[in-house]
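Trainee: Here it is, the structure, as structure tokens.
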């Protein structure tokens, strides 16, 4: 059975997720560890569980979600995966990070350009990539049918949605993509967001003020 471990990293309180199953293979989603203590915490979990990282993915490439990529790449030599529309945002991540006091190392390019509805294998398990733009041009969510969860990035939060005032953001696009690609998932689906607490599709349909005006 597929499992999820959450870490909260860096001053922006980004949720980094490790998704793994009983084969020991795992994928790191939104590697945001910043500094030795945070990097060691993730490495210790992976080592203690005997896991083998095979890929690291980004829901999107804003600097707070990619700051840990160099550590992950250097430690496990994993390939980077994200949507191709995030390439420009990734390229500018070090500049944007410097405005907030982050000294980002060179961020490797996107090697695996993930498409909407693409299947991503983890051992005997599967994630389906869903394109949910609006917060950024190529925002992805990753859905596990068997696990009953979706890792939503900064598209959808408990009681809120991602901000749309950053470069490449668009409010109408975000609302439409959430309705078309997230709210069509089963109501009981757990939402693991890019920041904050988990929720469910049912709760956000009923209670999220952006959809109940």
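Trainee: Out of (1) under 23 Å from residue 88 (Cα atoms); (2) touching a residue at least 60 places away in the same chain (Cβ under 8 Å), the odd one out for residue 174 is which?
Mentor: (2)
Trainee: Here is a further query. So residue 203 clears everything in (1) farther than 24 Å from residue 12 by Cα; (2) assigned to a loop (DSSP other than H, G, I, E, B); (3) modelled with pLDDT of 95 or more except one condition, right? Which one?
Mentor: (2)
Trainee: Do we find a residue being touching a strand residue (DSSP E or B) at 6+ places or on another chain (Cβ under 6 Å) and either more than 18 Å from residue 168 (Cα to Cα) or at pLDDT 90 or above (or both) anywhere in region 88-107?
Mentor: Of all residues in region 88-107, those touching a strand residue (DSSP E or B) at 6+ places or on another chain (Cβ under 6 Å) come to none.
The answer is no, given that none of the residues of region 88-107 is touching a strand residue (DSSP E or B) at 6+ places or on another chain (Cβ under 6 Å) and either more than 18 Å from residue 168 (Cα to Cα) or at pLDDT 90 or above (or both).
Trainee: Okay, moving on. Test residue 126 against the stated conditions and say whether it is at pLDDT below 95 and either closer than 19 Å to residue 28 by Cβ or not in a loop (DSSP other than H, G, I, E, B) (or both). It would help to see each step written out before you state the result.
Mentor: Numbers: at pLDDT below 95: no; either closer than 19 Å to residue 28 by Cβ or not in a loop (DSSP other than H, G, I, E, B) (or both): yes.
So residue 126 does not fit the description; no.
Trainee: If you scan region 168-195, which residues turn out to be loosely packed, with under 15 Cβ neighbours inside 10 Å and either outside any helix (DSSP H, G or I) or in contact with a strand residue (DSSP E or B) (Cβ under 9 Å, 6 or more places away or on another chain) (or both)? Steps first, answer last, please.
Mentor: Going residue by residue through region 168-195, those that are loosely packed, with under 15 Cβ neighbours inside 10 Å are 172, 176, 179-180, 184, 186-188.
Matches in region 168-195: 184, 186, 187, 188.
Trainee: Sticking with this structure for a sec: Specify which of the listed residues (49, 6) is within 24 Å of residue 124 (Cβ to Cβ), at pLDDT 95 or above, under 12 Å from the mean Cα position of the chain (by Cα) and surrounded by fewer than 19 Cβ atoms within 10 Å (Cβ to Cβ). Talk me through it step by step, then tell me what you get.
Mentor: Working: 49 fails: under 12 Å from the mean Cα position of the chain (by Cα).
Result of the check over 49, 6: 6.
Trainee: Can you pull out every residue in region 77-104 that is crowded, with 17+ Cβ neighbours inside 10 Å, in contact (Cβ under 8 Å) with a residue 40 or more places away in the chain and part of a helix (DSSP H, G or I)?
Mentor: 85, 86, 89
Trainee: Whether any residue in region 190-213 is under 24 Å from residue 86 (Cβ atoms) and over 19 Å from the mean Cα position of the chain (by Cα) is what I want to check.
Mentor: Within region 190-213, one or more residues are under 24 Å from residue 86 (Cβ atoms) and over 19 Å from the mean Cα position of the chain (by Cα).
Trainee: Working only within region 12-40, note down all residues that are under 15 Å from residue 64 (Cα atoms), at pLDDT 95 or above and over 12 Å from the mean Cα position of the chain (by Cα).
Mentor: 12, 13, 33, 38, 39
Trainee: Going by the structure shown, is residue 111 in contact with a strand residue (DSSP E or B) (Cβ under 9 Å, 6 or more places away or on another chain), over 17 Å from residue 177 (Cβ atoms), surrounded by fewer than 23 Cβ atoms within 10 Å (Cβ to Cβ) and modelled with pLDDT under 95? Let's see the steps before the verdict.
Mentor: Numbers: in contact with a strand residue (DSSP E or B) (Cβ under 9 Å, 6 or more places away or on another chain): yes; over 17 Å from residue 177 (Cβ atoms): yes; surrounded by fewer than 23 Cβ atoms within 10 Å (Cβ to Cβ): yes; modelled with pLDDT under 95: yes.
It is true that residue 111 is in contact with a strand residue (DSSP E or B) (Cβ under 9 Å, 6 or more places away or on another chain), over 17 Å from residue 177 (Cβ atoms), surrounded by fewer than 23 Cβ atoms within 10 Å (Cβ to Cβ) and modelled with pLDDT under 95.
Trainee: Right, here's the next one. Within region 6-53, which residues are assigned to a strand (DSSP E or B), touching a residue at least 40 places away in the same chain (Cβ under 8 Å) and out of contact with any helix residue (DSSP H, G or I) (no Cβ under 6 Å at 6 or more places or on another chain)?
Mentor: So in region 6-53, the residues assigned to a strand (DSSP E or B) come out as 6-9, 14-20, 25-29, 52-53.
Those still in the list that are touching a residue at least 40 places away in the same chain (Cβ under 8 Å) too: 6, 9, 14-17, 19-20, 25-29.
6, 15, 16, 17, 19, 20, 25, 26, 27, 29 - these are the residues of region 6-53 that are assigned to a strand (DSSP E or B), touching a residue at least 40 places away in the same chain (Cβ under 8 Å) and out of contact with any helix residue (DSSP H, G or I) (no Cβ under 6 Å at 6 or more places or on another chain).
Trainee: Go through region 144-163 residue by residue and tally those that are more than 16 Å from the chain's Cα centre (by Cα) and either assigned to a strand (DSSP E or B) or within 15 Å of residue 211 (Cβ to Cβ) (or both).
Mentor: The total comes to 2.
The values are calculated or read from the model by the stated rules, or taken from the named source; none is laboratory data. Everything quoted here is computed from the prediction, not taken from an experiment. Glycine also receives a Cβ, built like all others from the backbone with ideal geometry; neighbour counts cover every protein chain displayed.
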